[in-house]
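Contents: one structure, followed by commentary.
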Amino acid sequence: MSNAPVTRKHASTLRGGSLPKWSPWAIAAGSVVAGLGISLAAGLDSKVQWGLIAAIVFVLGTYGFAARVEGRRQAKDRVATSMVWVCFIVAVVPLVSLIWETLKRGAKVFDVYFLSHSMGVVADTETGGGIYHALIGTLEQVGIASLIAVPVGVLTAIYLVEYGRGKLARAVTFFVDVMTGIPSIVAGLFVLSFWILIMGMGYSGFAGAMALAILMMPVVVRSTEEMLKLVPNELREASLALGIPKWRTILKVVLPTSIGGITTGVMLAVARITGETAPVLLLVWGTNFINNNPFSGPQASLPLYIYRQYAAGTPASTDRAWAAALALILFVMILNMGARAIARWKAPKTGR
Amino acid sequence: MDISTQSTQAPPPTPRSSSASRKRAARGATRPGDRVFLALSRGSGILLLVIMAAIAVFLTYRASLALSKNEGNFLTTFEWNTGLVPPVFGIAVLAFGTVVSAIIAMALAVPVAVGIALFITHYAPRKLGGPIAYVIDLLAAVPSIVYGLWGAIVLVPHLNGLFGWLDTYLGWTGIFSWQGGAPRSMLTVGILLAIMILPIITNVSREVFRQAPQMHQEAALALGATRWEVIRMSVLPFGRSGVISASMLGLGRALGETMAVATVLSPTFDIQASLLDPGGGTFAQNIAAKFNEATVFGQDALIASGLVLFVITLLVNGAARFIINRRKEYSGANA
């Protein structure tokens with residue numbers, strides 16, 4: 001700039017033209033109007049189509065204007081930006097709708113009565129009834145699953161991080177990864193084949209809990225492993241240097257340091273298996289009555305309850321399905337948010 | 001604890017002592033407490049392997065019981081009649097439905113998910129990016145049965161318009177012709193699955209994009225690249241393997257999804273030429289639908305189809321892991 005005196009005339013060639021800052025908003029507004037106009041003119045009645053037409057007009061319009069004023073490269077850039085915004089909006093619509101509809105429709109019959117009564121003598125067509133039996137079932141099954149999966153998962157993670165070298169550790173790591181991808185219904189079929197078909201046991205909450213535990217283990221292993229890896233090695237070395245045995249070092253130094261993260265992982269895993277329907281459908285069978293004993297007889301469970309009430313198809317049962325879905329989402333969301341809050345507060349301090 | 005015990009244990013004690021025990025001795029891990037703890041934690045690891053093996057063995061055993069009596073060809077039969085004497089059943093319809101719905105889901109979800117991930121990392125205003133990422137994290141935890149309920153009651157009526165439009169303008173292809181039944185078809189399933197796997201793919205892709213080297217991006221900017229050119233030249237090439245593995249994880253979910261498909265699809269046991277006409281089925285949906293009235297033999301037949309699903313998801317996930325493990329830090333298992 002300083003050594004080459006640039007005249008005003010040439011300055012304009014160094015800077016290409018550019019659209020004013022408000023142009024994306026103007027184009028967006030214009031395309032919404034165009035979308036409405038075209039849709040009404042063509043007599044389309046689906047609002048989704050209106051939105052899609054507006055989105056297409058928006059992307060094309062952006063390209064047209066930008067290509068004329070700013071040149072091809074800038075136009076491509078603007079199209080990419082508008083595509084990314086469109087992607088975001090397109091994806092947000094169904095996800096917001098999901099939450100909104102569940103809240104709106106679920107609130108209709110969601111009250112204390114609904115939480116504290118079972119479906120004992122309530123026919124599908126009748127109003128009333130509730131999810132008490134399903135809550136009991138879900139809590140017991142998820143509780144038993146956690147009792148099985150958490151110790152195994154945490155110990156496996158300890159093995160992988162603190163001891164694991166060589167072939168066995170590599171095999172375990174690989175199969176934990178693969179295990180995260182097992183479809184829930186396959187876990188259900190496995191327990192069905194060996195517990196019910198081969199050992200001859202009946203359908204029960206415990207059978208479902210075993211399948212849930214299989215789904216939960218890899219998640220716990222994975223998250224615990226990540227947390228243990230965050231524990232600074234200096235802590236371990238300091239403890240070992242004081243002559244503390246390795247197992248006490250792990251129990252008294254490593255685990256307490258990472259307990260916040262491990263709790264988070266476990267809560268996320270619990271949240272994940274709480275919503276599993278397929279294994280429960282195969283193994284717990286479902287009932288309308290309260291069964292407090294997870295070891296004998298069919299139990300109910302919240303996800304299964306939603307499915308059965310939906311399948312019944314009457315207005316009253318559909319209302320109940322939505323209310324139960326609301327209860328399930330609330331439960332899962334509270335677990336999730338709690339877990340993330342703990343993760344933020346108790347994150348292991350990695351030193352400097 | 002003290003030096004004397006250390007020194008007494010130093011010489012390799014028994015002929016059995018392999019390199020493993022010598023390594024343990026070197027690390028001073030031979031106290032009884034240590035041995036118990038090591039045994040416990042190693043035992044847990046082995047238990048996981050045993051469970052995986054047991055899943056394969058038990059499913060194969062029960063499946064073989066059913067397959068040995070099957071009169072039809074398991075792979076090509078278009079029927080599922082386990083009650084007949086002799087029984088005839090095959091997975092052709094299920095395999096077709098599972099693959100088609102998963103392909104639709106991937107085709108819809110992957111571009112959009114990459115878009116959202118880019119939006120969060122590179123386009124959204126700073127203050128918006130964090131909260132959006134948090135919300136999408138939460139959405140990944142919404143149970144599939146809730147997606148199923150929403151899909152069946154809210155989404156399905158909304159698809160009438162789309163289906164009508166597709167039939168009018170693309171009906172001549174045959175794939176998009178529509179006879180006007182309720183829109184509970186493979187395309188509906190694909191759309192719902194796409195919505196379900198969107199958060200997972202977004203989360204993993206986002207993590208990868210966030211780790212794209214800042215230096216490369218700044219270098220590209222300094223050379224005069226536009227934002228899109230920066231992304232195309234430095235972010236996307238860096239994140240490619242991460243996006244592929246994220247998609248594979250999503251694919252694994254889509255293949256094994258049960259309840260969302262069971263609530264939305266109105267199944268028939270045949271293959272529809274059109275994606276818009278109701279019919280078809282998937283492995284998981286078929287198991288859930290047929291299970292309650294199945295005899296023990298019928299359950300064995302369903303287990304056989306489950307075994308196929310197990311193998312397919314194993315391959316998909318194994319491939320995803322293989323890609324991830326080449327770049328270890330993006331393991332998406334926590335997503």
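Numbers below:
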item: Residues (out of contact with any Lys or Arg (no Cβ under 7 Å at 6 or more places or on another chain), facing chain A (nearest Cβ under 10 Å) and among the aliphatic types (A, V, I, L, M)) located in region B:291-303; result: B:Val296
item: Filtered residues of region A:141-178 (kept if of a type in the set (Val, Ile, Thr) and closer than 18 Å to A:Glu226 by Cα); result: A:Val150, A:Val152, A:Val154, A:Thr156, A:Ile158, A:Val161, A:Val172, A:Thr173, A:Val176, A:Val178
item: Number of positions in region A:89-104 that are facing chain B (nearest Cβ under 8 Å) and either in contact with a Leu (Cβ under 7 Å, 6 or more places away or on another chain) or farther than 25 Å from B:Pro111 by Cα (or both); result: 4
item: Test: residue in region A:110-122 that is surrounded by fewer than 17 Cβ atoms within 10 Å (Cβ to Cβ), over 32 Å from the mean Cα position of the chain (by Cα), at pLDDT below 85 and in the same structural domain as A:Pro20 (by TED's automatic domain parsing); result: no
item: Verdict on B:Leu149 being over 25 Å from B:Ile271 (Cβ atoms), surrounded by 24 or more Cβ atoms within 10 Å (Cβ to Cβ) and not polar (S, T, N, Q); result: yes
item: Subset tally (residues that are β-branched (Val, Ile, Thr), assigned to a helix (DSSP H, G or I) and at pLDDT below 90) for region A:220-261; result: 2
item: Some residue of region A:233-240 being of a type in the set (Gly, Ala, Ser), touching a Gly at 6+ places or on another chain (Cβ under 6 Å) and assigned by TED's automatic domain parsing to the domain that holds A:Tyr159; result: no
item: For A:Phe295: the one exception among (1) more than 16 Å from A:Val161 (Cβ to Cβ); (2) surrounded by 24 or more Cβ atoms within 10 Å (Cβ to Cβ); result: (2)
item: Failed item in (1) modelled with pLDDT of 85 or more; (2) exposed (fewer than 15 other Cβ atoms within 10 Å of the Cβ), with B:Gly130 passing the rest; result: (1)
item: Residue check for B:Asn334: surrounded by fewer than 19 Cβ atoms within 10 Å (Cβ to Cβ), in contact with a helix residue (DSSP H, G or I) (Cβ under 6 Å, 6 or more places away or on another chain) and modelled with pLDDT under 80; result: yes
item: Set B:Ala260, B:Ala182, B:Ala194: member being closer than 30 Å to A:Ala311 by Cα, touching a residue at least 60 places away in the same chain (Cβ under 8 Å) and not in a helix (DSSP H, G or I); result: B:Ala182
item: Residue within region A:45-56 that is surrounded by fewer than 16 Cβ atoms within 10 Å (Cβ to Cβ), of a type in the set (Ser, Thr, Tyr) and closer than 30 Å to A:Ser317 by Cα present; result: no
item: Some residue of region A:136-158 being hydroxyl-bearing (Ser, Thr, Tyr) and more than 26 Å from A:Ile214 (Cα to Cα); result: no
item: A:Leu36 in a helix (DSSP H, G or I) and either basic (Lys, Arg) or over 28 Å from B:Gly129 (Cβ atoms) (or both); result: yes
item: The listed residue being exposed (fewer than 15 other Cβ atoms within 10 Å of the Cβ) and under 23 Å from B:Phe291 (Cβ atoms), out of B:Val99, B:Val93; result: B:Val99
item: Residue check, B:Phe209 within 12 Å of another protein chain (Cβ to nearest Cβ) and either surrounded by fewer than 17 Cβ atoms within 10 Å (Cβ to Cβ) or part of a helix (DSSP H, G or I) (or both); result: yes
item: The lone exception for A:Thr287 - which of (1) crowded, with 17+ Cβ neighbours inside 10 Å; (2) modelled with pLDDT of 90 or more it fails; result: (2)
item: Condition met for A:Leu192 (in contact with a helix residue (DSSP H, G or I) (Cβ under 8 Å, 6 or more places away or on another chain), modelled with pLDDT of 90 or more and at the interface with another protein chain (Cβ under 10 Å from one of its Cβ atoms)); result: yes
item: Residue among B:Leu139, B:Leu118 that alone is in contact with a Phe, Trp or Tyr (Cβ under 8 Å, 6 or more places away or on another chain), in contact (Cβ under 8 Å) with a residue 12 or more places away in the chain and within 14 Å of chain A (Cβ to nearest Cβ); result: B:Leu118
item: Number of the exception - A:Arg340 against (1) in contact with a Gly (Cβ under 8 Å, 6 or more places away or on another chain); (2) modelled with pLDDT under 85; (3) assigned to a helix (DSSP H, G or I); result: (1)
item: Single condition B:Val85 does not satisfy, out of (1) in a helix (DSSP H, G or I); (2) surrounded by fewer than 14 Cβ atoms within 10 Å (Cβ to Cβ); result: (1)
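Here's the yes/no breakdown for (1) within 29 Å of A:Val79 (Cβ to Cβ); (2) assigned to a helix (DSSP H, G or I); (3) touching a residue at least 24 places away in the same chain (Cβ under 8 Å); (4) not assigned by TED's automatic domain parsing to the domain that holds B:Val110:
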{"site": "B:Arg240", "(1), (2), (3), (4)": "yes, yes, no, no"}
{"site": "B:Ala289", "(1), (2), (3), (4)": "no, yes, yes, no"}
{"site": "B:Ala294", "(1), (2), (3), (4)": "no, no, yes, no"}
{"site": "B:Ala301", "(1), (2), (3), (4)": "no, yes, yes, no"}
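The values are calculated or read from the model by the stated rules, or taken from the named source; none is laboratory data. Please read all numbers here as calculations on a predicted model, not as lab measurements. Every residue, glycine as well, gets a Cβ built from its backbone with ideal geometry; the counts of neighbours run over all protein chains shown.
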